[in-house]
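The next block holds one structure in the form of structure tokens; read it before the comments.
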Amino acid sequence: MSTQQGQDAKFFQRGKIEEFRAELQAAEAKDKKFQKRKTVLKKIVANITMGNDMSPLFHDVIQCIGTPLLEIKKMVYLFLVSYGRSKPDQIHLVIPSFLQDCNDRNPLIRALAIRTMSYIPIPVVTEALTDQLRHCLKDRDPYVRKTAAICVAKVYTADPRKAERKGFVELLRDMLIDENATVVSNAVAALSEIGDRQDGVIFKLNLTIANKLLSALGESSEWGQIYILDSLLRYVPEQHADAEMMAERVIVQLQHANSAVVLTTIKVLLYLMNYMGDRRLIDYICRKMGPPLVTLLSSGPEVQYVALRNILLIIQRRPTVLKNDVKAFFCKYNDPIYVKLAKLEIMYRLAREENAREVLAELEEYASEVDVDFVRKAVRSIGRLAIKVEPAADKCIESLLKLIETKVTYVVQEAVIVTKDIFRRYPGKYEGIIPKICENLDALDEPEAKAAMVWILGQFADKIDNVEELLDDLVYSFLDEPAEVQLAHLTAVVKLFIYKSQSEVTKALVHKVLKWATEDIDNPDLRDRGFMYWRMLAMNPAVAAEIVLAEKPAITTDSDRMDRGALDQLLLHTGTLGSIYHKNPETFIRNAAGRALIDSPALNANSRAVLVSLARPQLPPIAISVSGPGPVEPTRPPQPSEAANNVPLPTIMESSRSDERDLLDVEGDDGAGGDSGEGYLEGDDDGPVTKAADPYASLGGAFGGYVTDVPQPVAGGSRGGDLDDLLL
Amino acid sequence: MAIDGLIILDPTGRPIIQSSYTTYPAAYPLLHIEALNNALAKAPREGSVDPVIYVEELSCSSACCHVEVGGMRFLATISGDVDPLIAFAFLDAFTEILQDYFGVVSVATLKDNFDIVYQLLEETLDSSGHPLTTSPNLLSDIVLSPSLISKLLASVSPATPGVPSVRQGGSFGSNGASGAFTSPIPWRKAGVRHNHNEILFDVVEEMRGIVGKNGTTLVSNVFGKIESNSKLSGTPDLTLTFTNPNVMTDCAFHPCVRLQKWTRDNALSFVPPEGRFILADYQYRPPQSAVVSNVPIPLSLKANMDMGEFGGTFALTLTSRLIKVMENLELKFYLGEDATSAQCTLSSAGSSVGSVGSADGSWSFNSRTKTLQWEILNMRSSGSWILRGSWTSKIKAPRPAHAFQIRFEIPSYSFSSLKVDQLRLSSETYKMYKGVRMRSKGSIEWRW
């Protein structure tokens, strides 16, 4: 064997089935220390890893299973893992060997046997495994027990109801108090996997078991800690004190070296905070969460990226976290673009009057960089900063004007787009800069920028001397423009006409555009709007003026924060795919279980007020089409009421409920334990929750990462008090 | 919460080794490989591909997390509501294991040892995606490393005292092979014996900073690491104390450290794993200034830039602000996509040491990366090093980076002046050799 070290690469040559078969047969006759067999098997395994089909050798390879050499046994098992499932008619030949190995003296072999069997979902194998597994779950060797725990999850997948009947779930539950921490954490992992299934029993923790798990935390491996911490989200505190005590025990894990442990710990803390009453403790925990999050930024760019996307969510819900750490998010020239974009978004979120100057200086720096996407985003952020932080607006405008002077086309276009929003945010304050902007009309070639420019010209037609000339020039290409620019043109010329109805040039211009819109355009929106304006102007120009130049709602950047309830729910998925894409996993990942805060006497009023109920969603029958980099939610978000009507058959609901009572949960109240959305809300003194209907309604436009971050008009009531209630 | 599997791609994007995707259709791993290769091909430049790629197909949607290791791509596919950080943490751990086993992780070493890699995969990642044992201490009992196999075969009797801690795990019938798992400490195997007991600590501090146009430090943070290498017999219970533990803030520890004890006494109490491990990560904040938490940057740069048409000229002056010698200083300057060439002259001035000459520095222009690089092997205190030059560009208004990237190393130095007070060993009686070394490095972005 030693002589072959370093030469294994040659095994990667494509092997021939017949050749291997002959070699195996030859090895049967005379094989000192099984070296020949080992060599052939190695070649076969090498071929499997390359994706070559070795399944015709099934019969020959399983002959070697009895060879008393662990290395050979391992390779045969590897072969079985790959091809066992595809040989339902021959697999019975291996069963006797499986059974023998399940009772081997060597715990490694016992574990290997049950593990391999659990990979082969063929009834005869599962049948044989079921009996062996029961013994192995009580094996004296912890390596076998921990392997067996994971196997239960697979047996469950094969046939949930049968596994329940055979009592495997109870056996797993008993393992939660095993003396070996690795066994405990694997049992937790298996129960979680079962609990996440749509047809699985519900896995809930009560205070006693949650505490037991916490004491196993210290001795677990990092992966075990992650399973255990994650499972704490299945515990619903009944009293503030319970949540607070648990948070105090968990908080030391923030000092773990493994980034995944840290983020999972933060997820648990964020969850528990919903059930806490002590405001000072919440503040304290928020302060404690900041530094470990910053430390994650000293890791590789991949970890940074995941961390940044999560930080973005966390600071929206708990603005005090990282409040004073905006500097940690300054971009470096050599950061990968995905890290830069994520940092930029966070810098904007953290910007306040106190640090606006620093942030602006950075943004100006970025606007001079080379990467076009990043520069655009930086310019846009300057505009958003002006809208968000009023005292910084003057400086931001100055800096935008400087950028417009650079004449770099994409910079100018972005600047024009944000300037439009600034005009709306601060009416009457900055119109003096319009002439400067008008100097750059020729640089605009993108629809969004053009539409913004046209809007500015129309809106302030009374303040721009040569506006007719400018608009006339722009209208020249009207018929070739995209609809959004055409619409802007149409409205702008009507505004112009209202301001300067005496001018002959204006009259001709309006007439020309209205005629185009109503006669030469196929787009019904445009045509209809054209007709509407035309009639308004013809019948009563005064009313038209009132309508077209009506006062616009002020815009703020508040609304680009996510809906509180949806945010609470997303934070339960901290550190998961959902938090990367800022969507709830069940809306884009098949078979993902949704999570929702569960009402309890300890849930604080603010969290309860925005509680989003969860119905196990019905997946759309067809695939969801996706465009762009991130996942897209189904066009029809799961409606609790609708989903409740056709969620799980009553029988399954019954069975899962009774299981739940039998298992870990001690509460007897049926209403609170049910898995339909209504159940959680029953007995809620606050009355029906209005937002429950469509928690994601505001999510798409309101956030959406880097795509739609345009400030929007304030919808409905003011959110002034929001910042305050975010603290609780 | 699970990782579906792991795929290792060679530099051309072809799979070398992948875990058995038993519960997935055969096309599943291929889809991910294709998605990644497509994304890499489309990327405008290196390192601009999102580390988490969303993969959509008819039957299920999933994502692929990837990192680059030794020119290869390690790819972990995840589906369901999975923490991508788990995938990355696992990829990290797996890479470390491979390094432990083979020394160098490269296409050649992996291909040469594919059977061992495959076994390692089986032991570290369960087919339903739960990471299992990733502690090298425990794995070495289940999967023998190539060096141990040859050692075992070379020795007449496997029970030679030279490698006493290695049980005959590779052969059939040895009952104690899973002794590791009966060990009460999940990160340390039981029954380790050494003739010579020693433990070494390397304190490595890295400064990361950004200096603004006007020369003021915008950000500078110092991240420290205590790297350890332990070769101790039995179950050594160690207590490490510092004379100034308060310079370490925001600590993160190896699981072996008793967190409560640190909170209470500021002492590191732990039973170490065998071999190399990182005992602690911390951040250093200078105590005197609570508001401005910037650590002073140990050098200064004066840049006179003159942008012209089709190129520009520059004069850079570097000065050390440190008594210690800085080593391997390296300054990089990206001249823009359209840069074609650069010409420079080196000089130094003002140093009390006479030997300062051009031999101390060198410059080069990499026409592929369009980057100018200036290196100074030894940078003594109180001297200035000057690089003057010009570059040419294909376009009229060149767009070079507005920042220099500076890296340096400072041996036997720490920004925090962290000092070990003592290391006590309880629960074992032998004498051990202990060593502590300090080392610092920095990476600074200097804007102009």
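The values are calculated or read from the model by the stated rules, or taken from the named source; none is laboratory data. Just so it is clear, the model here is predicted, and its values are computed rather than measured. Cβ sites come from the backbone with ideal geometry, for glycine too, and all protein chains shown count toward neighbours. When the accessible area is computed, the model is the full protein with side chains, heavy atoms only, and any ligands, DNA or RNA have been set aside. Shrake-Rupley method; radii C 1.70, N 1.55, O 1.52, S 1.80 Å.
Using a cut-off of under 11 Å, list every residue of the range A:495-509 whose amide N is near the label point 7 Å from the Cα of residue A:462 along the Cα-to-beta-carbon line.
A:498-500
For a quick check of your reading of the filter: which GluC sites (Glu not before Pro) in the range B:383-448 sit in a DSSP loop and have no more than 15 other Cβ atoms within 10 Å?
Details: sites: B:409, B:428, B:445; in loops: B:428.
Here the GluC sites (Glu not before Pro) that fit, given the DSSP loop and packing criteria, are B:428.
Could you sort A:327, A:154 by accessible area so the largest value comes first, with the probe set to 1.4 Å?
On the way: A:327 70, A:154 30 Å².
Most to least solvent-accessible, the answer reads A:327, A:154.
Counting only protein heavy atoms, what percent of the accessible surface of the range A:409-521 is carbon or sulfur at a 1.4 Å probe? Provide the component values of the computation, followed by the final result.
Numbers: 2270 of 4660 Å².
Whole-percent figure for carbon plus sulfur exposure: 49.
Out of the trypsin sites (Lys or Arg not before Pro) in the range A:75-147, which ones are loop residues according to DSSP with at most 14 other C-beta atoms within 10 Å? The partial results should precede the final answer.
Values: sites: A:85, A:105, A:110, A:115, A:134, A:138, A:140, A:145, A:146; in loops: A:105, A:138, A:140.
Answer in residue order: A:105, A:138, A:140.
Treating only the Cβ atoms of Lys and Arg (+1) and Asp and Glu (-1) as charged, compute the dipole magnitude of the range A:173-319 about its Cα centre; round to the nearest 20 debye.
Numbers: 14 positive and 16 negative charges, 124 e Å.
Dipole size: approximately 600 debye.
If DNA, RNA and ligands are ignored and the probe is 1.4 Å, what is the ranking of A:215, B:62, A:298 by accessible area, most exposed first?
Working: A:215 75, B:62 0, A:298 30 Å².
Correct descending sequence by accessible area is A:215, A:298, B:62.
Taking residue A:154 as the anchor, which lysines have their alpha carbon closer than 26 Å to its alpha carbon, excluding any fewer than eight residues away along the same chain?
Residue A:154 reaches A:73, A:74, A:87, A:138, A:146, A:162, A:166, A:204, A:212.
Taking a 1.4 Å probe, which of A:551, B:205, B:274 shows the most accessible area, and what order do the others take after it?
On the way: A:551 175, B:205 0, B:274 30 Å².
Reading off the accessible areas and sorting them downward yields A:551, B:274, B:205.
Compute the FRET efficiency between residue B:315 and residue B:364 as 1/(1 + (r/R0)^6), taking r as their Cβ-Cβ distance and R0 = 30 Å, and round to the nearest 0.05. Mind dumping the intermediate values first?
Details: r = 18 Å, r/R0 = 0.60.
Once the sixth-power term is evaluated, E becomes 0.95.
Pop a pseudo-label 7 angstrom from the Cα along the beta-carbon direction at both residue A:429 and residue A:90 and give the gap in nm to one decimal.
7.9 nm
Can you pull the one-decimal nm distance between simple spin-label points at residue A:245 and residue A:18, each 7 Å off the Cα toward Cβ?
Those two pseudo-labels are separated by 7.4 nm.
Evaluate the distance, in nm, between pseudo-label points positioned 7 Å from the Cα of residue A:439 and of residue A:540 along their respective Cα→Cβ axes.
In this crude label model, residue A:439 to residue A:540 measures out at 4.5 nm.
For the range B:310-448, build the charge dipole from Cβ charges (+1 Lys, Arg; -1 Asp, Glu) around the Cα centre, then report which of B:326, B:310, B:422 sits farthest towards its positive end.
B:422
Just read off the accessible area of residue A:401 with the full protein assembly in place, 1.4 Å probe, to the nearest 10 Å².
My reading of the accessible area for residue A:401 is about 30 Å².
When the chain is fully extended, how far beyond the present Cα-Cα distance does residue A:508 get from residue A:609, taking 0.36 nm per residue of separation? Before the final figure, lay out each step's value.
On the way: separation 101, 0.36 × 101 = 36.36 nm, distance 5.66 nm.
So the chain would gain 30.7 nm between residue A:508 and residue A:609.
With a cut-off of 19 Å, note down the residues of the range A:138-156 whose backbone N falls inside the zone around a label point 7 Å from the Cα of residue A:197 toward its beta carbon.
A:147-156
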